[in-house]
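A.B. asks: I have a structure I would like to understand better, so I am pasting it below and will then ask my questions one at a time.
Just so it is clear, none of the values below were taken in a lab; they were calculated from the coordinates. A quick note: this is a predicted structure, and the numbers were derived from the prediction, not measured. Glycine gets a Cβ as well: all are built from the backbone with ideal geometry, and neighbour counts include every protein chain shown.
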Amino acid sequence: MSILDKLLKASGNTLYYPGCLTKFVAKDIAANYKKLLEKCGEDFIVLEDKEVCCGSPVLNAGFPEDFKNLAEKNLKIFKEYNIKKIVTGCPACYDMLGHKYREVLGEAWDIEVEHMTTYLLKQLRAGKLKLPRLEIKATYHDPCHLGRYSSIYEEPRDLLKELGVDLREMVLNRENSFCCGAGGGVQSNNKELAEKIAGERTEQALATEAQYLITPCPMCTYNLRSGAKDRIKVVELTQILLGNYE
C-alpha cells in the first residue's frame, strides 16, 4: 500500500510510536516491536522523524505550556497522516498520549492509544500472534508510568504466563512497586543515586531466585542493568518474546 493510499485510508492508520529513548538509543527495541506488530499482521505506519517528543520530560520539568505546544504539534502531524490509533511500547509515552493529551487538548484529541503489553496479549489470545513456550524463571518489574500511573499491572504478567514463564513476584510489586531509580530526571541529574536505587531493586529480584528480571520500559531496562552489574540478567520484554534474551 502506497503512502497516498494510507493517507486516504477510510478507517485511518495505526501508528507505532516508539518514543525518544527507544527511537534514538534503544533502536534494537524499536526493531523488536516492529517485528511483533508484523507477526500480528498489523498494518501500521512509522513516521520516523516527523513526530516530536511526547512531552513527558518537559511536563515533568515543570513547563506545562511547552508540553501543550508539543501535544498540539503532534496532534497536527497525526491528523495529517490520518492516525486513528497509536500503539507504543514506552510507558511514559503511553501515559502522555493516553491520558495527559486529553487533559490539555480536550475533545480535539480523539485518537485511541494502547500500550504494547495489552495489545500483544489480545493478539496472542486471539491467535493472531504465535510465540514459543518459554521455560524460564523470571521476575517482573512494574514501570511507574505503566503501573501506578496507568494501572496496567496484570496484562504484562498474563502475557508472560501465557508463554509458560515461571513468574516470581518481588516483595514490592504492582501499586507498591519500587521505582527503578531513573524516572523524574534522577538518572540525568544524579546517576549515583539512580544506580543505588537500581541496586536495591536488583536485591529484591535476586531474592526471588529468578533467572531474569523483565520490564517493558526501556529506561527501566537501562538503569536496572547499571544497578544489577551482571548479578541478574535484565531484559526488556520484547527480547523475551522474540527469544533474544541470552
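A.B. asks: Once label points are set 7 Å from the Cα along Cα→Cβ at both Asn60 and Lys196, what is their separation, rounded to one decimal in nm?
C.D. replies: About 1.9 nm, to one decimal.
A.B. asks: Could you tell me how far the Cα centroid of the range 56-74 sits from the Cα centroid of the range 184-246, in Å?
C.D. replies: When both Cα centres are located, 28 Å separates them.
A.B. asks: Starting from the amide H of Asn13, placed 1.01 Å from N in the peptide plane, find each other amide H under 5 Å away whose residue is 5 or more places distant or on another chain.
C.D. replies: It is Ile83, Lys84, Lys85, by chain and number.
A.B. asks: Averaging the inverse of every distinct alpha carbon separation and then flipping it gives the Kirkwood radius. What is it for the range 182-222, in angstrom units? If you can, show how the numbers build up before the last one.
C.D. replies: Numbers: mean 1/r = 0.0911 Å⁻¹.
Value: 11.0 Å, from the Cα pair sum.
A.B. asks: Moving on to the next point. Can you pick out the pairs among Lys34/Lys79; Lys73/Lys196; Lys35/Lys84; Lys122/Lys229 whose Cα atoms lie more than 29 Å from each other?
C.D. replies: Working: Lys34/Lys79 22 Å; Lys73/Lys196 37 Å; Lys35/Lys84 21 Å; Lys122/Lys229 35 Å.
In this structure, Lys73/Lys196; Lys122/Lys229 lie more than 29 Å apart at Cα.
A.B. asks: ³J(HN,Hα) across the range 207-218 via Karplus (A = 6.51, B = -1.76, C = 1.60, θ = phi - 60°), whole Hz, x for Gly/Pro?
C.D. replies: These are the phi-based 3J(HN,Hα) values: 5, 7, 6, 7, 7, 9, 10, 10, 8, x, 10, x Hz.
A.B. asks: With all pairs of different alpha carbon atoms counted, what Kirkwood hydrodynamic radius in Å does the range 95-135 show?
C.D. replies: Numbers: mean 1/r = 0.0811 Å⁻¹.
Across the range 95-135, the inverse of the average 1/r is 12.3 Å.
A.B. asks: When the gyration tensor of the range 131-241 is built from Cα positions, what are the square roots of 5 times its three eigenvalues, in whole Å, from largest to smallest?
C.D. replies: Those come to 22, 15, 12 Å.
A.B. asks: Going by C-beta contacts inside 10 Å, put Ser56, Ser151 in order with the fewest on the left.
C.D. replies: Fewest to most other Cβ atoms nearby, the residues stand as Ser151, Ser56.
A.B. asks: Run the simple label-point estimate for Asn69 and Asn176 please: 7 Å along Cα→C-beta, distance reported in nm.
C.D. replies: So the two model labels end up 4.4 nm from each other.
A.B. asks: In whole Hz and in residue order, list the ³J(HN,Hα) couplings for the range 26-35 that follow from phi through the Karplus curve 6.51 cos²θ - 1.76 cosθ + 1.60, θ = phi - 60°; x for Gly and Pro.
C.D. replies: Once θ is set to phi - 60°, the couplings for the range 26-35 become 8, 5, 5, 5, 4, 4, 5, 5, 4, 4 Hz.
A.B. asks: For a quick check: with amide H placed at 1.01 Å from N, whose amide H comes under 5 Å from Val113's, ignoring anything fewer than 5 positions away on the same chain?
C.D. replies: Ile86
A.B. asks: I want to check the label-to-label distance for Val46 and Glu135. Put each point 7 Å from Cα in the C-beta direction and report it in nm to one decimal.
C.D. replies: Label at Val46, label at Glu135, 3.4 nm between them.
A.B. asks: Over the C-alpha atoms of the chain, what are the Rg and the largest Cα-to-Cα span, Dmax, in Å?
C.D. replies: Final numbers for Rg and Dmax: 17.9, 54 Å.
A.B. asks: Using r as the Cβ-Cβ distance of Asn82 and Arg125, and R0 as 22 Å, what FRET efficiency do you calculate, to the nearest 0.05?
C.D. replies: 0.15
A.B. asks: Ordered by packing density, taken as the mean number of other Cβ atoms within 10 Å over each peptide's residues, highest first, how do 123-135, 62-74, 156-168 rank?
C.D. replies: Taking the mean over residues of other Cβ atoms within 10 Å, the ranking is 156-168, 62-74, 123-135.
A.B. asks: Ratio of alpha-carbon Rg to the 2.2 N^0.38 Å globular estimate for the range 3-119, to two decimals, please. Walk me through the intermediate numbers first.
C.D. replies: Values: Rg = 13.7 Å, N = 117, 2.2 N^0.38 = 13.4 Å.
In units of the globular-protein estimate, the range 3-119 measures up at 1.02.
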